[in-house]
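Each remark here refers to the structure printed beneath this line.
The values are calculated or read from the model by the stated rules, or taken from the named source; none is laboratory data. Note that the coordinates shown come from a computational prediction; the quantities given were computed from them, not determined experimentally. Every residue, glycine among them, receives a Cβ derived from its backbone with ideal geometry; neighbour counts consider all protein chains shown. With ligands, DNA and RNA removed, areas are computed over all heavy atoms of the protein, side chains included. Shrake-Rupley method; radii C 1.70, N 1.55, O 1.52, S 1.80 Å.
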Amino acid sequence: MKAAVILQPERFEVQELPIPEPAPGELLVRVMASGICGTDVHIFQGEYLGSYPIIPGHEFAGVVEQVGSRVTRFKPGSRVAVEPNLPCDNCVNCLNNRQNFCLNWQAVGVTLPGGMSQYVSVPEKAAFDIGDLPFEQAAFMEPLSCVLHGLERLDLGMASKVAILGAGPIGLLLLQGLRQQGAARVVVVDKNPDRAALAQSFGADLSLTNLDELERDAYDAVVDATGAVAVMSRTLDFARPGGRILLFGVPPSGQKMTVEAFPIFRKGLTILSSFTSLRNSYQALDLLKNRRILVEKVISHRLPLEALQQGIQLIEKGSEPVYKVMILPNG
Ligand SMILES: [Zn+2]
Ligand SMILES: [Zn+2]
């Protein structure tokens with residue numbers, strides 16, 4: 001099989017590798033669609049958890065090719081999406097329902113071989129039945145799970161006014177999730193005019209390209225979906241007194257965020273973050289299957305495995321309208 005391997009930061013190669021043999025509790029998945037995430041860009045640049053060499057890809061769906069002897073929920077031909085985070089279920093955090101902070105955390109495509117490969121073997125507990133949902137849409141199960149966890153953290157009531165900074169794939173999922181939760185008004189800011197316009201087509205009440213045009217001290221919640229520390233530090237300006245901040249985007253590790261401390265106190269702000277997800281895969285698939293959250297138009301590029309580096313560079317540069325780049329390892 002062919003697999004895209006990041007040998008070390010900034011070094012990528014497509015390798016011919018043996019198809020993995022599933023262990024008794026594992027499924028062998030033939031990967032049909034595998035989304036490139038900002039995290040993959042960070043892994044490529046050497047700015048994230050995990051070790052090298054690594055086959056990236058943690059947002060993917062495919063067909064079960066083979067099952068291990070202990071697998072009960074699936075058979076060859078089953079259509080599945082993979083939840084990449086693998087908690088041990090046996091540490092102090094797992095046993096307290098904080099599996100996202102598992103002390104022995106492993107993740108498909110981060111610490112274990114991922115979906116930028118024609119085949120990957122995953123534990124049965126990581127696989128979810130996607131029914132007849134198209135593979136490309138099912139590949140959004142993971143990012144949408146993270147978004148749902150973030151919205152649970154934010155815990156907004158009905159009729160909230162929310163500003164989202166960043167209209168990439170995550171910003172567009174957050175926007176739709178907030179709409180489903182009954183937000184009264186959602187304003188999206190992205191410096192790229194194409195992205196801002198797309199946000200409007202996904203239900204933003206207003207989209208802006210200049211952060212300085214966003215009303216200050218006005219929003220019940222301000223969500224950063226850029227991971228750019230310069231933008232993250234501005235979130236405080238736009239929250240109303242008593243408002244909430246959700247720092248959702250993944251910043252590069254090692255960078256400091258500078259904020260003025262006094263307004264946090266004066267405005268009584270709540271500052272939240274969100275790490276991966278917590279048993280949100282079923283919710284994510286139900287929203288996708290019932291078309292409450294739409295993702296087709298979030299996909300801007302479809303590329304073969306060999307073009308993974310090109311896909312990462314498209315996201316890094318962001319010069320043309322780039323949203324979700326899907327890698328199709330099996331054509
Ligand atoms: Zn991701
Ligand atoms: Zn654990």
Discussion item. If residue 2 satisfies all but one of (1) out of contact with any helix residue (DSSP H, G or I) (no Cβ under 8 Å at 6 or more places or on another chain); (2) more than 16 Å from ligand 1 (Cβ to nearest atom); (3) charged (D, E, K, R), what's the number of the condition it fails?
Written reply: (1)
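Please tell me if residue 86 is within 8 Å of ligand 2 (Cβ to nearest atom) and at pLDDT 95 or above. Lay out the reasoning, then the answer.
On the way: within 8 Å of ligand 2 (Cβ to nearest atom): no; at pLDDT 95 or above: yes.
Against the criterion (within 8 Å of ligand 2 (Cβ to nearest atom) and at pLDDT 95 or above), residue 86 does not qualify.
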Worksheet entry | Residue that is surrounded by the fewest Cβ atoms within 10 Å (Cβ to Cβ) [pool: residues in segment 182-201 that are modelled with pLDDT under 95 and in contact with a Gly (Cβ under 9 Å, 6 or more places away or on another chain)] | 192
Item to complete: Test residue 293 against the stated conditions and say whether it is modelled with pLDDT of 95 or more, under 22 Å from residue 160 (Cα atoms) and touching a Gly at 6+ places or on another chain (Cβ under 9 Å).
Response: yes
Worksheet, complete the sentence: Selection from segment 84-107 of residues open to solvent by less than 20 Å² (accessible area, probe 1.4 Å), within 16 Å of ligand 1 (Cβ to nearest atom), within 16 Å of residue 122 (Cβ to Cβ) and outside any strand (DSSP E or B) yields 84
Worksheet, complete the sentence: If we keep only residues of segment 150-169 that are within 14 Å of residue 280 (Cβ to Cβ) and under 16 Å from the mean Cα position of the chain (by Cα), then the residue surrounded by the most Cβ atoms within 10 Å (Cβ to Cβ) is 150
Response to the item:
Checked 11, 79, 70 against criteria (open to solvent by 40 Å² or more (accessible area, probe 1.4 Å), away from ligand 2 (no atom under 16 Å from the Cβ) and either closer than 19 Å to residue 136 by Cα or touching a Leu at 6+ places or on another chain (Cβ under 9 Å) (or both)); the one match is 79
Worksheet item: Could you give every pair whose Cβ atoms fall below 8 Å, whose first residue belongs to segment 128-151 and is in contact (Cβ under 8 Å) with a residue 12 or more places away in the chain and on the phi > 0 side of the Ramachandran plot, and whose second residue is basic (Lys, Arg) and away from ligand 1 (no atom under 12 Å from the Cβ), counting only separations of at least 6 or pairs across chains?
Response: 131/79; 131/289
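Out of all the residues in segment 219-231, which are surrounded by fewer than 23 Cβ atoms within 10 Å (Cβ to Cβ) and of a type outside the set (D, E, K, R)? Quick ask: steps written out before the conclusion?
Applying the first criterion (surrounded by fewer than 23 Cβ atoms within 10 Å (Cβ to Cβ)) to segment 219-231 yields 220, 227-231.
Once the filter is applied, which keeps residues that are surrounded by fewer than 23 Cβ atoms within 10 Å (Cβ to Cβ) and of a type outside the set (D, E, K, R), segment 219-231 yields 227, 228, 229, 230, 231.
Would you be able to tell me the number of residues in segment 22-44 that are within 16 Å of ligand 1 (Cβ to nearest atom) and open to solvent by less than 10 Å² (accessible area, probe 1.4 Å)? Lay out the reasoning, then the answer.
Restricting attention to segment 22-44, the residues satisfying the condition of being within 16 Å of ligand 1 (Cβ to nearest atom) are 31, 33-44.
From what is left, the residues that are open to solvent by less than 10 Å² (accessible area, probe 1.4 Å) are 31, 33-36, 40, 43-44.
Total meeting the criteria: 8.
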Discussion item. Checking the condition surrounded by 19 or more Cβ atoms within 10 Å (Cβ to Cβ) and free of Cβ contacts under 8 Å to residues at least 60 places away in the same chain, which residue from 247, 278, 285, 305 passes?
Written reply: 247
Worksheet item: Hey, does segment 128-149 have a residue that's open to solvent by 60 Å² or more (accessible area, probe 1.4 Å), more than 16 Å from ligand 1 (Cβ to nearest atom) and over 28 Å from residue 84 (Cα atoms)?
Response: no
